[in-house]
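Visitor: I have a structure I would like to understand better, so I am pasting it below and will then ask my questions one at a time.
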Amino acid sequence: MNTQQSLRMERPRRWDAPFDPAMTDKDVDALMERPEFAAIDASRFPAAAPLRGILQNDCRIVEYKPGDIIVREGDYGNSAFLILSGAVRVVISPSLPQQVLGRAPEKKRKAWSVLRDMLTYPRIPEVRDTSLYGTSATDIAHLHRASLLDATDKAALFGAGVNLTADMESLPPLVEPYKTALLPSGTLFGEIAALGRVKRSATVYAETTCKVLELRWQALRDIKNRDDAWRDKIEQVYRANLLKTQLPEHPLLKGLDAETLKKIADQTLFETYGSFEWNVDFKAGNKQNRRASEMEQQVLREGDYPDGLLLVIGGFGRVTVGLGNGDRTLTYLREGDHFGLDELFDAWKSGENKVYETSLSVLGYLQLLRIPYPVLADLVFPKLIEPAGRLIDAAARPIEDDAFMEWAVDQRFINGTKTMLIDMEKCVRCDDCVVACAETHNGNPKFIRNGPTLDNWMVANSCMHCVDPVCLIGCPTGAIHRTLSGGTVIINDLTCIGCGTCVNACPYENIRLVPIREKSGQQVIDPVSHQPIMKATKCDLCSSLPSGPSCENACAHGALQRIDLQTLIKTARIGA
Amino acid sequence: MTVQDQTSSKQEFSAPLAGTPMAREQAVKFLGLIIFAVLAWIAITIFVWLGRRNLWAVSHITGYVLFVVVLGLVFLKARKRLLVLPLGPVRDWLLLHFVLGALSLPLYFQHTGTFWPQGRYEQFIALFFYTASVSAIVGIIFQRIYPRRLIDLGSQVIYERIPTELANLREEAEALVLQAVRETNSDTVGRYYAESFQWFFKKPRFVLSHLLGTGRSLGWIQMRVKVLDRFLNQTEREYMHKLEAIAMRKNGLDAHYAMQGALKLWLFVHVPSAILLVLLACWHLIVVNIYS
């Protein structure tokens with residue numbers, strides 16, 4: 001390998017691969033004349049990322065035919081949408097059948113192709129085919145779109161005897177039990193998923209031929225950061241939509257009728273604690289060796305008087321009870337959980353004032369819906385079956401039994417959905433997992449078999465594919481993103497510009513920047529700065545392989561598992 | 001409408017565990033394989049008994065069975081390289097490897113009828129068979145004992161990083177000793193370091209002791225510190241305690257080196273002897289068929 005010679009290649013930049021190369025100046029001019037953009041003060045945008053540049057490179061205009069599905073409920077998404085013309089409908093309830101939503105199966109590589117690569121991968125680390133860079137823009141004209149017109153049982157959607165033709169101007173309305181709402185021109189939707197890093201909460205489809213401006217979430221972020229009106233509008237819509245979508249879906253309220261839910265929603269308060277960008281404080285706190293509990297904002301304390309039931313709709317919270325000179329973690333809360341039910345129900349039953357038996361603090365950020373007590377007393381508790389146990393009962397467990405949970409919550413491993421957990425009592429340090437990872441990734445392993453440990457449990461330095469992937473924050477190109485289904489967090493090497501934002505953002509240091517080489521072994525150098533071109537790399541869960549995670553498959557002793565934290569806490573305990 | 005039973009689901013955290021779901025599944029599979037192997041061996045034994053009474057070509061049949069078993073054992077290595085094929089996880093293949101390995105021992109004796117064959121070539125086969133078998137048993141023992149002891153050392157280190165860590169500790173110790181000499185204006189600590197601890201920090205020491213778990217290294221460190229104590233003033237004593245702390249960290253690293261090394265190196269005996277066994281067995285098979 002001759003390191004004296006090197007390949008010169010200009011350092012990749014944010015807009016080397018625009019969202020849609022077909023966006024023209026004329027398109028941008030037309031957008032700038034729209035009231036949504038005309039009101040923005042373009043001078044507030046930096047020269048490196050002007051408003052016109054954002055519209056031209058981080059947005060695309062997409063035309064949909066009647067019936068085309070624009071976003072699907074349950075998908076992860078990195079874009080928001082602004083309706084430019086035409087009629088668009090959102091499905092409120094119930095959800096459309098899976099078959100209608102037309103989820104394309106994730107493309108897997110063929111086994112023989114993987115085998116061939118395993119036998120012929122280059123012995124030089126981090127080799128790339130640099131001829132592919134700059135060619136990655138998606139050809140949206142050839143994207144297959146699912147359509148309601150593809151449903152096998154159209155009668156269930158549109159009613160029997162309805163004439164559906166490919167060239168009709170407007171889709172007929174969906175019949176009972178489906179309820180939809182019209183989104184007029186100028187409506188922004190999809191921002192919750194794009195900004196909140198969560199699944200799409202509803203399906204949206206085109207009722208007529210329509211033109212939609214799709215904004216990458218980076219565009220949305222940049223615009224709302226520079227324009228107060230957009231920021232206020234987005235936050236207002238965000239809150240209103242969260243209330244509308246999350247309340248009916250909460251497990252505690254699922255059995256209630258629509259009228260009752262509306263009454264509850266009208267009086268429910270939306271609250272946010274902590275910071276969406278909690279990773280910054282978390283990493284800083286770790287560097288300073290601060291205790292985890294010192295970094296957590298308190299929502300309420302043991303002994304406070306409850307005034308409403310808290311429903312968790314995003315983020316994580318820690319439930320604690322005082323023990324000695326500290327606080328003992330009883331459990332943690334995530335989306336779908338609630339807090340305060342025991343005390344409020346007791347108060348309703350007995351007619352006496354009750355106080356909180358536990359405290360609640362924020363792990364990163366926490367989004368809550370607070371249903372006031374009078375609403376509960378009037379509309380919810382009369383229909384509620386008394387809870388079987390109480391949260392405070394968990395305090396009777398031996399302290400040692402919760403050691404693992406305390407540790408996992410402190411380290412914020414609760415974020416992981418595919419945490420690499422290694423039982424070091426079974427691990428014989430053979431490194432077959434690392435070898436398998438390398439062999440299925442062109443000779444480059446994507447994780448390090450080392451990491452924080454508690455007794456026999458190690459959480460290795462491998463991407464956990466978090467519920468809340470903060471690594472996505474700040475990526476200028478969207479190279480690091482979630483797959484549409486499944487939510488695996490992957491990096492598109494073709495659009496990664498090696499800026500290191502995700503590397504710095506990851507609270508667990510599971511992403512690495514690596515210098516890349518040509519097939520011949522030459523290092524790829526930027527001719528201007530004379531620095532090596534870097535790319536971010538991390539575990540991709542072998543999402544393109546038919547066999548799933550190679551590391552887990554390769555472990556001969558069953559020591560390594562890729563698991564969700566819920567299972568982690570339920571099955572892990574420190575050795576006797 | 002029922003309330004989400006959040007409390008009871010969280011109380012599962014405290015339920016005593018018989019093992020993770022995967023561990024239970026593996027235990028069931030292992031039991032199944034053992035039962036199958038025992039039944040297979042019983043069947044073979046009955047066959048051999050009948051065969052000897054009826055003058056069948058018993059050794060041919062047992063030889064083929066043994067050969068297939070040995071090939072099955074070797075296939076574990078191939079399975080690890082062919083991960084992309086949907087042939088089940090490697091941990092299941094390892095269970096099969098254990099069971100086939102255990103089965104191969106009685107099969108071998110049934111095939112050869114003796115502990116040590118007379119033919120020179122067959123003696124080589126026997127040698128590699130026993131080497132592979134004994135190394136397998138040693139490897140299993142290592143894999144059962146050492147991981148827990150590595151955990152009990154309190155810190156984890158990747159084997160390939162041990163030389164770097166050792167070098168860092170050596171530099172730290174030497175820097176401490178130099179500082180002691182400068183600050184105390186006395187060469188007692190420095191001179192003693194050159195006589196004793198310098199040897200200790202040079203490379204991994206007490207490897208056998210760490211493998212056997214005798215704790216000899218701890219005694220060595222403590223004695224070295226104790227021997228010098230009477231010649232030191234309070235400041236020098238503090239430096240010696242710091243040096244002792246570094247030596248203890250180095251001791252932990254030595255333990256990692258010894259045990260992780262053993263966990264890796266036993267395969268350098270097991271795998272080559274298994275490969276040679278297969279090669280010799282192939283030729284043995286050819287020769288037997290030509291000359292029988």
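The values are calculated or read from the model by the stated rules, or taken from the named source; none is laboratory data. As the structure is a computational prediction, the values presented were derived from the model and not from experiment. A quick note on method: Cβ atoms are made from the backbone with ideal geometry, for glycine too, and the neighbour counts reach across all protein chains shown.
Visitor: Would you check if there is a residue in the range A:351-360 being of a type outside the set (Ser, Thr, Tyr), surrounded by 21 or more Cβ atoms within 10 Å (Cβ to Cβ), touching a strand residue (DSSP E or B) at 6+ places or on another chain (Cβ under 8 Å) and modelled with pLDDT of 90 or more?
Guide: Within the range A:351-360, one or more residues are of a type outside the set (Ser, Thr, Tyr), surrounded by 21 or more Cβ atoms within 10 Å (Cβ to Cβ), touching a strand residue (DSSP E or B) at 6+ places or on another chain (Cβ under 8 Å) and modelled with pLDDT of 90 or more.
Visitor: Follow-up question, since we're still on this one. Only one of (1) assigned by TED's automatic domain parsing to the domain that holds A:Ala554; (2) at pLDDT below 90; (3) among the small types (Gly, Ala, Ser) is not met by A:Gly498, so which one is it?
Guide: For A:Gly498, the exception is condition (2).
Visitor: Scanning the range A:314-339 for residues that are at pLDDT 90 or above and of a type in the set (Lys, Arg), which turns out farthest from the chain's Cα centre (by Cα)?
Guide: My answer is A:Arg328.
Visitor: If we keep just the residues of the range A:205-239 that are modelled with pLDDT of 90 or more and under 19 Å from the mean Cα position of the chain (by Cα), which is surrounded by the most Cβ atoms within 10 Å (Cβ to Cβ)?
Guide: Only one residue tops the list, namely A:Leu215.
Visitor: Run A:Arg512 past the list (1) without any contact (Cβ under 8 Å) to a residue 40 or more places away in the chain; (2) in contact with a Gly (Cβ under 9 Å, 6 or more places away or on another chain) and report the number of the one that doesn't hold.
Guide: The single condition A:Arg512 does not satisfy is (2).
Visitor: Look through A:Asp378, A:Asp393 and report the one residue that is more than 14 Å from chain B (Cβ to nearest Cβ) and surrounded by fewer than 20 Cβ atoms within 10 Å (Cβ to Cβ).
Guide: Sole residue among the options that is more than 14 Å from chain B (Cβ to nearest Cβ) and surrounded by fewer than 20 Cβ atoms within 10 Å (Cβ to Cβ): A:Asp378.
Visitor: Quick check on the range A:409-417. Is at least one of its residues more than 24 Å from the chain's Cα centre (by Cα) and either more than 7 Å from chain B (Cβ to nearest Cβ) or not hydrophobic (A, V, I, L, M, F, W, C) (or both)?
Guide: Within the range A:409-417 (the criterion being more than 24 Å from the chain's Cα centre (by Cα) and either more than 7 Å from chain B (Cβ to nearest Cβ) or not hydrophobic (A, V, I, L, M, F, W, C) (or both)), the answer is no, since none of the residues qualifies.
Visitor: In the range A:99-117, what residues are modelled with pLDDT of 75 or more and assigned to a loop (DSSP other than H, G, I, E, B)?
Guide: Once the filter is applied, which keeps residues that are modelled with pLDDT of 75 or more and assigned to a loop (DSSP other than H, G, I, E, B), the range A:99-117 yields A:Lys108, A:Arg109, A:Lys110.
Visitor: All but one of (1) in contact with a helix residue (DSSP H, G or I) (Cβ under 9 Å, 6 or more places away or on another chain); (2) of a type in the set (Val, Ile, Thr); (3) modelled with pLDDT of 80 or more hold for A:Thr180, so report the exception by its number.
Guide: (1)
Visitor: Could you check the range B:115-141 and list, in sequence order, the residues that are within 14 Å of chain A (Cβ to nearest Cβ) and surrounded by fewer than 18 Cβ atoms within 10 Å (Cβ to Cβ)?
Guide: Passing the criteria: B:Val138, B:Ile140, B:Ile141.
Visitor: Here's another thing I want to ask about it. When the residues of the range A:74-101 are filtered to those that are out of contact with any strand residue (DSSP E or B) (no Cβ under 7 Å at 6 or more places or on another chain) and touching a residue at least 40 places away in the same chain (Cβ under 8 Å), which remaining residue is surrounded by the fewest Cβ atoms within 10 Å (Cβ to Cβ)?
Guide: A:Pro94
Visitor: Name the pairs: first residue in the range A:43-71 and within 16 Å of A:Lys224 (Cβ to Cβ), second residue aliphatic (A, V, I, L, M) and not in a helix (DSSP H, G or I), Cβ to Cβ under 6 Å, at least 6 apart or on different chains?
Guide: Short answer, once both residue conditions are applied: A:Cys59/A:Leu213; A:Cys59/A:Leu215.
Visitor: Look at B:Leu100 and say whether it is surrounded by 20 or more Cβ atoms within 10 Å (Cβ to Cβ), under 30 Å from A:Trp112 (Cα atoms) and either under 28 Å from the mean Cα position of the chain (by Cα) or within 14 Å of another protein chain (Cβ to nearest Cβ) (or both). Steps first, please.
Guide: Working: surrounded by 20 or more Cβ atoms within 10 Å (Cβ to Cβ): yes; under 30 Å from A:Trp112 (Cα atoms): yes; either under 28 Å from the mean Cα position of the chain (by Cα) or within 14 Å of another protein chain (Cβ to nearest Cβ) (or both): yes.
The answer is yes for B:Leu100.
Visitor: Taking the stated definitions as given, is A:Arg231 in contact with a Phe, Trp or Tyr (Cβ under 9 Å, 6 or more places away or on another chain), free of Cβ contacts under 8 Å to residues at least 60 places away in the same chain and not in a strand (DSSP E or B)?
Guide: no
Visitor: Among the residues that make up the range A:389-397, is at least one of them within 24 Å of the chain's Cα centre (by Cα) and closer than 23 Å to A:Glu294 by Cα?
Guide: Looking for residues that are within 24 Å of the chain's Cα centre (by Cα) and closer than 23 Å to A:Glu294 by Cα, one finds none in the range A:389-397, hence no.
Visitor: Another one. Look at the range A:241-272 and say how many of its residues are surrounded by 19 or more Cβ atoms within 10 Å (Cβ to Cβ) and farther than 19 Å from A:Asp378 by Cβ.
Guide: 2
Condition check ((1) closer than 25 Å to A:Thr417 by Cβ; (2) more than 12 Å from chain B (Cβ to nearest Cβ)) across all residues:
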| site | (1), (2) |
| --- | --- |
| A:Met295 | yes, yes |
| A:Asp304 | no, yes |
| A:Gly315 | yes, yes |
| A:Thr320 | yes, yes |
| A:Gly326 | no, yes |
| A:Asp337 | yes, no |
| A:Trp348 | no, yes |
| A:Pro372 | no, yes |
| A:Leu384 | no, no |
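Visitor: In the range A:465-486, what count of residues is obtained for those that are in a loop (DSSP other than H, G, I, E, B) and either under 27 Å from A:Ala17 (Cβ atoms) or at pLDDT 95 or above (or both)?
Guide: Qualifying residue count, the range A:465-486: 15.
Visitor: Next up: Determine whether the range B:52-59 contains at least one residue that is crowded, with 16+ Cβ neighbours inside 10 Å, more than 26 Å from the chain's Cα centre (by Cα) and aliphatic (A, V, I, L, M).
Guide: Among the residues of the range B:52-59, at least one is crowded, with 16+ Cβ neighbours inside 10 Å, more than 26 Å from the chain's Cα centre (by Cα) and aliphatic (A, V, I, L, M), which makes the answer yes.
Visitor: Just name the residue that is surrounded by the most Cβ atoms within 10 Å (Cβ to Cβ) out of those in the range A:535-558 that are in a loop (DSSP other than H, G, I, E, B), more than 7 Å from chain B (Cβ to nearest Cβ) and modelled with pLDDT of 90 or more.
Guide: A:Cys539
Visitor: Right, another one. Any chance the range B:82-92 includes a residue that's assigned to a helix (DSSP H, G or I), within 26 Å of the chain's Cα centre (by Cα) and under 24 Å from B:Val288 (Cα atoms)?
Guide: Within the range B:82-92, none of the residues are assigned to a helix (DSSP H, G or I), within 26 Å of the chain's Cα centre (by Cα) and under 24 Å from B:Val288 (Cα atoms).
Visitor: Pick out the one residue from A:Gln561, A:Gln566 that is within 10 Å of chain B (Cβ to nearest Cβ) and within 20 Å of the chain's Cα centre (by Cα).
Guide: Answer to the check: A:Gln566.
Visitor: Follow-up. Looking at the range B:195-213, is at least one residue under 28 Å from A:Arg429 (Cα atoms), among the basic types (Lys, Arg) and out of contact with any Asp or Glu (no Cβ under 7 Å at 6 or more places or on another chain)? Explain how you work it out, then say what you get.
Guide: As a first pass, look at the range B:195-213 and keep what is under 28 Å from A:Arg429 (Cα atoms): B:200-213.
Subsequent filtering for residues that are among the basic types (Lys, Arg) retains B:202-203, B:205.
Of the ones still in play, those that are also out of contact with any Asp or Glu (no Cβ under 7 Å at 6 or more places or on another chain) are B:202-203.
Yes; the residues of the range B:195-213 include at least one that is under 28 Å from A:Arg429 (Cα atoms), among the basic types (Lys, Arg) and out of contact with any Asp or Glu (no Cβ under 7 Å at 6 or more places or on another chain).
Visitor: Only one of these conditions is not met by A:Phe158: (1) closer than 30 Å to A:Arg13 by Cα; (2) at pLDDT 80 or above; (3) surrounded by 13 or more Cβ atoms within 10 Å (Cβ to Cβ). Which number is it?
Guide: (1)
Visitor: Moving to a separate point now. Identify, please: which residue in the range A:432-487 is within 14 Å of chain B (Cβ to nearest Cβ), in contact (Cβ under 8 Å) with a residue 60 or more places away in the chain and among the β-branched types (Val, Ile, Thr) and is, among those, surrounded by the fewest Cβ atoms within 10 Å (Cβ to Cβ)?
Guide: A:Val435
Visitor: So, one more: Do we find that A:Asp346 is in contact (Cβ under 8 Å) with a residue 40 or more places away in the chain and of a type in the set (Asp, Glu) in this structure? Give the derivation first.
Guide: Working: in contact (Cβ under 8 Å) with a residue 40 or more places away in the chain: no; of a type in the set (Asp, Glu): yes.
When the stated conditions are applied, A:Asp346 does not pass them.
Visitor: Starting from the range A:281-302, take each residue that is assigned by TED's automatic domain parsing to the domain that holds A:Tyr332 and list its partners that are part of a strand (DSSP E or B) and exposed (fewer than 15 other Cβ atoms within 10 Å of the Cβ), counting only C-beta distances under 7 angstrom and pairs at least six apart or across chains.
Guide: Listed by first residue and then by second, the contacts come to A:Glu302/A:Gly322.
Visitor: Report yes if A:Leu215 is closer than 13 Å to A:Ala80 by Cβ and not in a helix (DSSP H, G or I), otherwise no. So that I can check it myself, show each step before the final result.
Guide: On the way: closer than 13 Å to A:Ala80 by Cβ: yes; not in a helix (DSSP H, G or I): yes.
Yes, satisfied.
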